[in-house]
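Heads up: the structure comes next, in structure tokens.
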Amino acid sequence: MKLTPNFYRDRVCLNVLAGSKANARDVYEAAEGHVLVGVLSKNYPDVATAVADMREYAALIDNALSVGLGAGDPNQSDMVSQISREVQPQHVNQVFTGVATSRALLGQNETVVNGLVSPTGTPGMVKISTGPLSSKEQDGIVPVDTAIALLKDMGCSSIKYFPMGGLKCRDEYQVVAEACARHDFWLEPTGGISLENYSEILKIALDAGVKKVIPHIYSSIIDKDSGNTRPADVRSLLEMTKKLVG
């Protein structure tokens, strides 16, 4: 099983959720393999159950599995690390303080591990207090360059910038993208991304010179009745990606 995501032109890999194993296979095909398919730890009662089921998902999509927290829930941090150790997915979602544990338990540096930082309202400053205990205290706000250095110290691959609210924090996002490019760090814009704003959000990261981008597109492309991500929308996202990357 390959441990690294299949980036389009070595630059962009989509991240979407799957409502079922069949849906995971469909979105993987729709994205021509340039996708990470999110399965949420929060949906399982325990680690063993999650591991068994996620291994089945991984087998269907050439291991393009993204182990998720569930809306950035810090209480899922430890469970995500425990699952990831067993499953060895291509992608792990973590709160800021969970990065080092996930990387250590994975026992390798190929799997992408992101670290969750949040907008603050001030360009250049990010909130890193996204862990189980730290999220309950006064916000821990640091310069984005410092946050990236801390994440690198912990074996992190990329910033998961969440919740963005689409383009609501455009100026802040621009500065984060520039910092990621400056420090040769990857970027995962997340929250409120839709077919309408996807191109602009991706273009900002690409124009800033970010080496690799993993945009997370969730609820806007999920069919409300079935709970499945719409493969047609994933195809549309891939076409937009191809136009922008060239």
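Points worth noting:
- Residues of region 60-96 that turn out to be part of a helix (DSSP H, G or I) and either on the phi > 0 side of the Ramachandran plot or surrounded by fewer than 21 Cβ atoms within 10 Å (Cβ to Cβ) (or both), as a count: 7
- Meets criteria (in contact with a Ser or Thr (Cβ under 7 Å, 6 or more places away or on another chain) and not hydrophobic (A, V, I, L, M, F, W, C)) for SER157: no
- Test: residue in region 70-87 that is at pLDDT 95 or above, within 23 Å of VAL245 (Cα to Cα) and under 18 Å from the mean Cα position of the chain (by Cα): no
- The residue of region 217-242 that is surrounded by the fewest Cβ atoms within 10 Å (Cβ to Cβ), among those that are more than 20 Å from ALA64 (Cβ to Cβ) and under 19 Å from the mean Cα position of the chain (by Cα), is SER219.
- From ILE214, ILE201, residue being closer than 20 Å to HIS91 by Cα, under 15 Å from the mean Cα position of the chain (by Cα) and open to solvent by less than 20 Å² (accessible area, probe 1.4 Å): ILE214
- Options GLU196, GLU178; residue that is free of Cβ contacts under 8 Å to residues at least 60 places away in the same chain and more than 21 Å from PRO123 (Cβ to Cβ): GLU196
- Residues that are closer than 16 Å to ARG235 by Cβ, of a type in the set (Gly, Ala, Ser) and either touching a residue at least 40 places away in the same chain (Cβ under 8 Å) or in contact with a Leu (Cβ under 8 Å, 6 or more places away or on another chain) (or both), drawn from region 29-62: ALA30, ALA31
- Filtered residue count, region 1-59, keeping only those that are open to solvent by 20 Å² or more (accessible area, probe 1.4 Å), among the hydrophobic types (A, V, I, L, M, F, W, C), farther than 25 Å from ASN75 by Cβ and outside any loop (DSSP other than H, G, I, E, B): 2
- You will find that of VAL113, VAL126, VAL142, the residue that is surrounded by fewer than 23 Cβ atoms within 10 Å (Cβ to Cβ) and in a strand (DSSP E or B) is VAL142 and no other.
The values are calculated or read from the model by the stated rules, or taken from the named source; none is laboratory data. Since this is a predicted model, take the numbers as computed values, not measurements. Here Cβ is always computed from backbone atoms with ideal geometry, including for glycine, and neighbour counts include all displayed protein chains. Each accessible area value is taken on the protein alone, full model and side chains, heavy atoms only, with ligands, DNA and RNA left out. Shrake-Rupley method; radii C 1.70, N 1.55, O 1.52, S 1.80 Å.
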